[in-house]
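Notes follow the structure.
The values are calculated or read from the model by the stated rules, or taken from the named source; none is laboratory data. Source: prediction; values computed, not measured. Methodologically, a virtual Cβ is constructed for each residue, glycine included, from the backbone with ideal geometry; neighbour enumeration extends over all protein chains shown. When the accessible area is computed, the model is the full protein with side chains, heavy atoms only, and any ligands, DNA or RNA have been set aside. Shrake-Rupley method; radii C 1.70, N 1.55, O 1.52, S 1.80 Å.
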Amino acid sequence: MTEMTERLDRFEGRLRTMEDELRALRRLAAEEEHAPEPPLWELLEPEPVAEPAPTPVPKPLPVWTPAPRKVREPIDLSLLLGARALAWTGGAVTLLGIVFFFVLAVERGWIGAGARVALGASVSALLVGAALWLRRRFGDTYAALSAAGVGIAGFYTTLLAATALYHLVPPGAALLAAASIAAVGGTLAWSWRSETLASLGLLGAILAPAPIALQGGLTTVGVVFAALVLAAAAIVAVLRDWRVLHVAAVACAAPQAVALSLDGPAHAVVGAAAVWLVLASVPSWLALRGRLTYLPAWLLLLSAAVGGWCAALLYDGDARGYVLLALACAYGAAGTALYGRDRDTSSLHLAIALTLAALGSAALFSEATLTIVWAAEAAVLAWLARRIREPRFQLAALAWLLIAFIHGLAFDAPLSKLFVENDEPWRSAPSAAALALASAAVALCTFDRAERPEGVLTRVLADLRSAQPVLRIAGFAFAGVSAVYAGSLVVVGLPESWAWGHVLVAALWSAVAVALVGTRLRVWSIAALAACVALAVVYDLTTLVDPQRAWALALVAAAAFLVAVVYELRAQLAPTMPAALALTASGVLASAAAYALSHGDARAWIFVALAGGYAATGVAVHARRRDFATLLGIAALALVFPASVWLLDGTWLVLAWVVLAGSLAVLARFEERLELGALAYAGAALVHTLVFEAQPADAFVAHSHPGSGVPAVLLVGAALAVFKTARVRLRWLSGALGLYAATLSILEVSEDLGGGIDTAFQRGHTAVSALWAIVGLALLVVGLKRSRAFVIGGFALFGISLAKLFLYDLAFLDSVTRAFSFVAVGMLILVAGFFYQRMTLESPV
């Protein structure tokens, strides 16, 4: 296809489009001329008369413009029906005829091998000569172009048959013949400006070593020949801007270099180096002629991939690492040399150099894995995408990063390396570190760009553009997680014990959570802390043994405490649920760790020390975060409770709780919420007293020393008397406890006066009944003078006294004590009635 013919075809298509548009405009004009007029009655109908209205401000009327009708472009049948189609169809049929002739000649044995080759070469030469005559006689025609292309292809087919089938031409001579055919095709293509001829001539020469290799495999000479033809094809493609030829030539030559390296002969280095040199040099030249676009960038990356792959196939061990470092030096030197002329191309060379250097270092110090290779590829593509503002490279970077993560977590650095005991977990750390660096590179290299048509990828790339903030956050998140995972793989193998290694892992994760909470990433610190707690609960608690398990829990508890405090103080709104949950986790884990690490009184004092720490922190932050200080106080009181139980018992325990409750009640004058804690400990003291120290049965079942719990009862009663809120109710309860203590004291004194336990107990109950009645009388008298509440209390106590007489004294006391009880209570009730009448001025009925 010639350039002049292509221009004529495009001009013909434009003329047809203009004719179609002209027909459409004429049709619209005719429709407007024949539009129906309005009916006559509408024209004759008078307009309604209306009162004059104020003249409105004129507004510009919208101008209606009809939407342009989309004209369908006519179908161009010149591709199927025309001179071009006929020419290329005839050429293809002729080429197939030559091939079929060879096949038929072989099957029928018509002529010998030499005659077949000579005949094929003659037909090919005749076609090329006919093409030259047609062009000189009639100018640019499809027939001439097709005949030349078929002739060149026929030459290669004949050369292939003579070399691979009939063994008439040795490999060296075949390469020279292929070079001659390539020269003919390249010359015609250059002079005729035909990319098709160039492809037939040059690509055929590049592929010539492949069929020749059927005789005994690829040779270094053949691959070097392919590299030379590749250089020629690339030069022609760059000068003529024939990108298809360039890409096709690279696709034909690069696999041969890799295949030659796969065979592994010692002299294969020369062939692979020749192909790599062309692959690396021509894209740089192409970029310098214009600017670094996706084509030279991809070709440069491909050259690095081919060079690295050949080095991996040709060398092992340290030699591989040194070769990769040499390749890195070559790209680095090229990047340094090009820095002053084209910074983009220079930067890409330097990025490739860094990647190859990383791979070489990994090969020298540890076995390079596919995870490192693919992660490095993702990082380079991400950087290149930002550098030249090409979103396709960013998509490729994401794809390579995903593949690297899948391979790394499946083979190189699986989670079992951290959670299943093994000898060398640190060997998987480089892969995890590579994933971290690649994720960070993807996050750092996010960019914005202007909208532009992207073909079939328009929707995908538009979504990718809007997802740049999310991609940045996700990249940093994956980078952080991968970096912590890499560090965990290193530290878990440092101690000789696997359990102590996991203590270091817990310390590392905790340190990360604490470090993040002091930055703008404090929300991420909660996620890190959640991972720490999950590690401690799911793995450490169930797999490790003490003391390693306890130390791991202690480290996570300390981190949770620090995260809770700092997060709360840095938050704008308080209280915050994450800080409350972190504080709860710290209290639970700290308690578990302290319980496992200590025994006896030491355990109790550790709990007291923890409570003191929580309380001191609560006092320190009270002015800024009252609610959070309340949570700290609750944690402190919760830790003190078991410590006091372990340290004390009996009345001493009640005394401790009462002192604490009283202290909190006094401090509640400054912070009223402390009274809730005081009430809780006072309630605990009361329950403990009534259950263990002074049970209600002590007042009704005869036994020795019924008054042993009197001190505890008096202490609880005194504690209840100091509360500020609900003072009246608590003082009534305090008075009831005092009466209960007096009851037990009377029973104790009665036993001390002598006699048997039962006799003394019954004698004491007579005094108890009298005491209750006396107290009831006193309440009644006081109430009549001051408050009706005391009157009600007096009557209630008289009722309780009567109930005791009839329910207990009448059933369990002997006749003498029972009689004294009834007499004493009855007389006191009579006295109460007298005072009630006198003080209320009531007259007898």
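Quick notes on this structure:
- Ile800 sits with roughly 90 Å² accessible to a 1.4 Å probe, with DNA, RNA and ligands left out of the calculation.
- Ordered from largest to smallest accessible area (heavy atoms of protein chains, 1.4 Å probe), the residues Trp500, Trp276 come out as Trp500, Trp276.
- Cα-based Rg / Dmax (Å) for segment 563-635: 13.1, 43
- Alpha carbon convex hull of segment 403-455, volume per residue in cubic angstrom: 91
- Nitroxide proxy distance, nm - points 7 Å out along Cα→Cβ at Arg341 and Asp546: 7.4
- Calculated log₁₀ intensity ratio I(q)/I(0) where the Debye formula runs over C-alpha points of segment 601-647, q = 0.29 Å⁻¹: -0.90
- When Rg and the Kirkwood radius Rh are both evaluated on Cα atoms of segment 649-760, their ratio Rg/Rh stands at 1.07.
- Gain upon complete extension [Leu807, Glu671; 0.36 nm per residue less C-alpha separation]: 44.3 nm
- Chain lengthening between Ala113 and Ala602 when straightened (0.36 nm per residue, less Cα-Cα): 165.8 nm
- Here the contact order of segment 669-792, divided by its residue count and restricted to Cα pairs under 8 Å and six or more residues apart, works out to 19 percent.
- Of all accessible heavy-atom area on segment 791-845, the percent that carbon and sulfur account for (1.4 Å): 77
- Contact order relative to length of segment 332-481, as percent, for alpha carbon pairs under 8 angstrom and 6 or more apart: 21
- The Cα atoms of segment 698-761 cover 46, 16, 15 Å along the three principal axes, with the biggest extent listed first.
- The protection proxy used here, the mean number of other Cβ atoms lying within 10 Å of each residue, ranks peptides 236-243, 20-27, 509-516 as follows, highest first: 509-516, 236-243, 20-27.
- In terms of overall dimensions, the C-alpha atoms belonging to segment 532-671 reach 47, 45, 16 Å along their principal axes, ordered largest to smallest.
- Principal axis dimensions, segment 265-399 - Cα atoms, whole angstrom, descending: 39, 30, 21
- Scattering profile of segment 356-414 at q = 0.15, 0.23, 0.24, 0.28 Å⁻¹ [log10 I(q)/I(0), Debye over alpha-carbon scatterers]: -0.46, -0.86, -0.89, -1.02
- Placing dummy labels 7 Å off each Cα toward the beta-carbon, the span from Arg459 to Ala125 is 5.9 nm.
- Taking the inverse of the mean reciprocal distance over all distinct Cα pairs, the Kirkwood hydrodynamic radius of segment 469-582 comes to 14.6 Å.
- DSSP-assigned coil residues among chymotrypsin sites (Phe, Trp or Tyr not before Pro) in segment 289-348, each with at most 15 further Cβ atoms within 10 Å: Tyr339
- For segment 715-816: rounded, prolate or oblate by the Cα gyration tensor [a/c cutoff 1.5]: oblate
- Cβ-Cβ FRET estimate between Leu295 and Arg14, R0 fixed at 25 Å, reported to 0.05: 0.30
- Added length on full extension, which subtracts the Cα-Cα distance from 0.36 nm per residue, Ala718 to Leu132: 198.6 nm
- Here the simple spin-label model places points 7 Å from the Cα toward Cβ, and for Leu364 and Glu21 these points are separated by 6.6 nm.
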